[in-house]
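These notes concern the structure reproduced below.
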Amino acid sequence: MKQKKNSIKSKLRNVGNQFRHAKGNKVVVSGFFVLSLVFTGIGLYQFNQPATSASNECNTNDIVRSGTHNQGDIARHYQANVCGDFRAIYDHYWIKPDLAPGDRVFDGQSNNKGEVIADGRVVARNAASIGRHAIQHSQPISIAGKTYYQTSHVGGRAFANPNASLPTLVVLDGNGNFKYAIVKDCANPIYATPVEPPKPPEPPKPVVRDIQVCELASKRIITIKEDQFNPEVHSRNLEDCQVVIIEVCEVETGRIIKIDEDDFDGNKHSRNLEDCIPRIEVCELETDSLIEIREDQFDETKHSRNFKDCVKMQVCELETKEIITIRETEFDENKHSTNLQDCETAEEIVVCDLENRQIITITEEEFDEARHTRDLKECEAKCPIPGFEHLPAASPECAHPVELPKTGATSLVGAGVGFAALGLSTHYYLLSRRNI
């Protein structure tokens, strides 16, 4: 593409100046001179263009020879559908006759770095534009079945002057994003890679003022930022930091302590300090259980300081042979036995007491083999006749004693004793008769 329009205007101005200053024959000479300049300008405008009829603008490299210098030109050409392919070409590049809400139009530039510049910044890169004819470095592309040619702007390849830049119509959306661009002088659309717009600077944060609050946990007045205020932690009422200390009775320990009045708990504390009179552990005699009471509640008829009074034990009452329950402090070894077997009933037996020849009843434990015999016959009456004492008195041998054999002196002595006894018996018998 070439910068043609400005060159043509310049040459036309020169023609006008030539006619205004021409005199006499000089007018004819000047006329030929002016005509030569006009044709020269036309020749320059056609430079690098295919040889076509000047009246047929659709045979030039321009999409529209008159160009598009604003959004109104786009709408007008779109409506007229210049050359029959204007709409297809612009639709291919998402260019519409009407702006979308929020879109903004800028007079920008396309430079030889491939950058599209608008709104004072680079909005797209890698720019390339299309034309109707092939030029050096161009690549064919197809739009709606027709072939066009796209040429990169990088290095000025699409420019008549590689070091120049082209006036460009640029459209950005409401957020500053690149939408499309068009070379103004020839209406050739530009394809480019959008560059993300810079983020708008964050608005300055409002200044947060300092405030004084009551820190509920510590009961201290502190200074914080207003946005740090937490009603669960702070109070704007500074009087909440006025600590009131009270003395209470701590029920669990029985101690008098000091606490913050706000910490008072009726389940843990008592405002009645008498509730903290020293507590003692005693034996409750009625229930035989250990309990804790205030010292001033002690009643010796109900309580005992001796914990053994709450300890029960089973013993054998020796006198009654009964098992009873007593307090440990009531134990008397003369009356009681901790061996409960002592209360078991002993088995009684009937025996013969060998010492006094009597039949008696004793316990099994009292039985003594040296003194007792279970043979009750041992206690029957014994024969009084000397020599027959080992026999029961009822035995036939005791009733009719058998004369003992006389064998020697011993026999004589025994016989003499017998006769003497018999004589004495007779003597006493006679005396008793005389006295009658």
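Partners of K258 within straight-line reach, counting aspartates and glutamates whose Cα lies under 16 Å from its Cα and excluding those fewer than 8 residues away in the same chain: E247, E250, E274, D275.
Just the protein heavy atoms count here, and of the accessible area of region 96-135 at 1.4 Å, carbon and sulfur take up 49 percent.
Checking the cross-link pairs K96/K199; K321/K377; K199/K225; K146/K184; K113/K179 against a 25 Å limit on the alpha carbon distance flags K96/K199; K321/K377; K199/K225 as lying beyond it.
For region 213-314, applying the loop criterion from DSSP together with a ceiling of 15 other beta carbons within 10 Å to the chymotrypsin sites (Phe, Trp or Tyr not before Pro) yields F229, F264, F298. Net charge dipole, region 55-155: roughly 180 debye, given to the nearest 20, about the Cα centre with Cβ charges of +1 for Lys and Arg and -1 for Asp and Glu.
Do any trypsin sites (Lys or Arg not before Pro) in region 149-223 lie in a loop, going by DSSP, with at most 16 other beta-carbon atoms within 10 Å of their beta carbon, and if so which? Can you show the working numbers first?
Details: sites: R157, K179, K184, R209, K219, R220; in loops: R157, K184, R209, K219.
Those that pass, being in a loop and sparsely packed, are R157, R209, K219.
Annotation: per residue accessible area for region 335-385 equals 73 Å², rounded to a whole number [probe 1.4 Å, protein chains only]. Could you tell me what percent of the accessible area of region 268-398 is made up of carbon and sulfur, with a 1.4 Å probe and every protein chain present? Heavy-atom surface of region 268-398 belonging to carbon and sulfur, 1.4 Å probe: 45 percent.
The values are calculated or read from the model by the stated rules, or taken from the named source; none is laboratory data. Note that the structure is a prediction, hence the values are computed from the model and not measured. Note that we place each Cβ from the backbone using ideal geometry, even for glycine, and neighbour counts take in every protein chain shown. With ligands, DNA and RNA removed, areas are computed over all heavy atoms of the protein, side chains included. Shrake-Rupley method; radii C 1.70, N 1.55, O 1.52, S 1.80 Å.
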